[in-house]
């Protein structure tokens, strides 16, 4: 059905997670044989859901949408799974590695002076500090939230037009 969808929607590019690769390669191998245009297929890494589930999914509601409001992003990140000191399978670390560090060298975490003030981390510094338990999960969440709000602002503005 997904292959038929590609034809029905007349797509030039099919975007999906790595779990979609098999069906999209099947489409690429067979659509041309029946005279249909073969789409370019782009596969993205799978991220853990904000609730810690093995996969971020709109059907489970454990995701950030590109057009989520500031309030929605804040609510979702604040209640997200982020176990103290754990790097593996931590959705906040995955978001940092997938979206923040490819776009900028450091992550700024704004904190009140009573909690040590603002702090910046390179990728390696973040991993070391968080895994040592020297960065509170809520501080990490706030840094991720602030980045996503700013990063997705142009999308929200475009969608509101």
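The values are calculated or read from the model by the stated rules, or taken from the named source; none is laboratory data. Every value quoted in this text rests on a predicted model; they were computed, and no experiment measured them. Because the Cβ atoms are built from the backbone with ideal geometry, glycine has one as well, and the counts that use them run over all protein chains shown.
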Set 141, 114: member being in contact with a helix residue (DSSP H, G or I) (Cβ under 9 Å, 6 or more places away or on another chain) and assigned to a helix (DSSP H, G or I): 141
When region 5-44 is checked residue by residue, the ones that are without any contact (Cβ under 8 Å) to a residue 24 or more places away in the chain and in contact with a helix residue (DSSP H, G or I) (Cβ under 9 Å, 6 or more places away or on another chain) are 20, 23, 24, 26, 34, 38
List the pairs whose first member sits in region 149-161 and is closer than 14 Å to residue 99 by Cα and in the same structural domain as residue 77 (by TED's automatic domain parsing), whose second member is modelled with pLDDT of 90 or more and exposed (fewer than 10 other Cβ atoms within 10 Å of the Cβ), and whose Cβ atoms are under 9 Å apart, counting only residues at least 6 apart or on separate chains? 151/103
Number of the condition not met by residue 48 [criteria: (1) assigned to a loop (DSSP other than H, G, I, E, B); (2) surrounded by 14 or more Cβ atoms within 10 Å (Cβ to Cβ); (3) at pLDDT 95 or above]: (3)
